[in-house]
Amino acid sequence: EGDYVSFASSDNHAGAHDVGKALAAALKEKGWQAAPFGISAISQARKNGQARTKGFVEGMKAGGATGKQASLQQMQAYTSEETFRFTQDMLAAHPDMRALFVQTDQPTIGALRAIKSARRKGQVLVAAFDGVPEFVELLRSGELVVSGMQQPHLIGTRAAEALFASLAGKTPERQITVPILAVTGKNIEQLLPTIKQTVFANEI
């Protein structure tokens, strides 16, 4: 047991499950639900990495995607360039691959570049996690199918509220779980006011 009053965090498993379901729905629309998929993963030694992979794979199945996992590459540098190379390798090794899940934001930009340079744009559907302001246009255009956006500023707010409650002699919840928003081209406009505050802290 750690010595803390309250711990606010994201539900990585549920968030990735929603991402998998949204990607499966997009694959089904194109008749590609049986095609293989790849994952560019954060460290699988980390609990949040394991939760993102497991949640995503279960979400894909729940959404009706039946394709096999063709490849899982673990990031070490967490850069666009690294995922650009991973994606190039995956596309070369698995020409029938139709979907890719990149488990964090900036590297997703590298994956999209690799798909373009392989002239596979529109042929490989991409799902992401977290969020950078560039994602807004990518989701609107459909270049990105879905992103599971954590809400870091909401996590901070919840943690601060718990601290103040504790200082006021109240007992806050020990575990505070903040939902991850599965943002797609279909719901981006509706969620944008929230995302601006809780994900981007009004950077856009």
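The values are calculated or read from the model by the stated rules, or taken from the named source; none is laboratory data. These numbers were taken from a predicted model, which means no experiment stands behind them. Virtual Cβ from ideal backbone geometry, glycine too; neighbours counted across all protein chains shown. Areas reflect the complete protein model, heavy atoms only, side chains present, ligands, DNA and RNA absent. Shrake-Rupley method; radii C 1.70, N 1.55, O 1.52, S 1.80 Å.
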Conditions (1) closer than 30 Å to GLU161 by Cβ; (2) part of a loop (DSSP other than H, G, I, E, B); (3) of a type in the set (A, V, I, L, M, F, W, C); number of the one not met by ALA16 = (2)
Kindly indicate the residue of segment 33-45 that is in a loop (DSSP other than H, G, I, E, B) and within 18 Å of the chain's Cα centre (by Cα) and also surrounded by the fewest Cβ atoms within 10 Å (Cβ to Cβ) among those meeting that condition.
-> ALA45
Would you mind telling me which numbered condition in (1) in a loop (DSSP other than H, G, I, E, B); (2) more than 25 Å from ALA114 (Cα to Cα) SER9 fails?
-> (1)
Candidate set: segment 1-32, residues that are crowded, with 20+ Cβ neighbours inside 10 Å and polar (S, T, N, Q); chosen: the one modelled with the highest pLDDT = ASN12
Scan of segment 1-38 for residues that are in contact with a helix residue (DSSP H, G or I) (Cβ under 6 Å, 6 or more places away or on another chain) and of a type in the set (S, T, N, Q), ordered by number | SER6, ASN12, GLN33
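Condition check ((1) in contact with an Asp or Glu (Cβ under 9 Å, 6 or more places away or on another chain); (2) under 21 Å from ALA14 (Cα atoms)) across all residues:
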position	(1), (2)
PHE56	no, yes
LYS61	no, yes
THR66	no, yes
MET75	yes, no
TYR78	no, no
GLU81	no, no
GLN88	no, no
VAL102	no, yes
PRO107	yes, no
Neighbours by Cβ (under 9 Å, 6+ apart or cross-chain): first from segment 67-96, over 19 Å from ALA45 (Cα atoms); second polar (S, T, N, Q) and in a loop (DSSP other than H, G, I, E, B) | GLY67/GLN33
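So which of LYS186, LYS170 ends up being basic (Lys, Arg) and farther than 30 Å from GLY38 by Cβ? Even if it seems obvious, please write down each step before you answer.
Values: LYS186 fails: farther than 30 Å from GLY38 by Cβ.
Residue meeting the stated conditions: LYS170.
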Please indicate, with yes or no, whether at least one residue in segment 1-9 is of a type in the set (A, V, I, L, M), in contact (Cβ under 8 Å) with a residue 24 or more places away in the chain and out of contact with any strand residue (DSSP E or B) (no Cβ under 8 Å at 6 or more places or on another chain).
-> yes
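Which members of segment 160-192 meet the condition of being within 23 Å of ASP18 (Cβ to Cβ) and modelled with pLDDT under 95? Working first, answer last.
Filtering segment 160-192 down to residues within 23 Å of ASP18 (Cβ to Cβ) leaves 173, 175-192.
Those that are within 23 Å of ASP18 (Cβ to Cβ) and modelled with pLDDT under 95: GLU173, GLN175, ILE176, THR177, VAL178, PRO179.
Would you kindly identify the strands (runs of 3 or more DSSP E) lying entirely within segment 118-199 that contain at least 1 residues that are polar (S, T, N, Q) and buried (at least 19 other Cβ atoms within 10 Å of the Cβ)? Walk me through how you get there before you give the answer.
On the way: elements: 125-129, 146-149, 175-178, 181-184.
In segment 118-199, the matching strands (runs of 3 or more DSSP E) lie at 146-149, 181-184.
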Residue check for ALA62: open to solvent by 40 Å² or more (accessible area, probe 1.4 Å) and out of contact with any helix residue (DSSP H, G or I) (no Cβ under 9 Å at 6 or more places or on another chain) | no
Can you pull out the residues in segment 93-117 that are open to solvent by less than 10 Å² (accessible area, probe 1.4 Å), assigned to a loop (DSSP other than H, G, I, E, B) and not hydrophobic (A, V, I, L, M, F, W, C)?
-> GLN103
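Every residue in segment 65-83 that is outside any strand (DSSP E or B) and open to solvent by 40 Å² or more (accessible area, probe 1.4 Å), please.
Step one: list which residues in segment 65-83 are outside any strand (DSSP E or B), which gives 65-68, 75-83.
If the condition is that a residue be outside any strand (DSSP E or B) and open to solvent by 40 Å² or more (accessible area, probe 1.4 Å), then THR66, LYS68, GLN76, ALA77, TYR78, THR79, GLU81 are the ones that fit.
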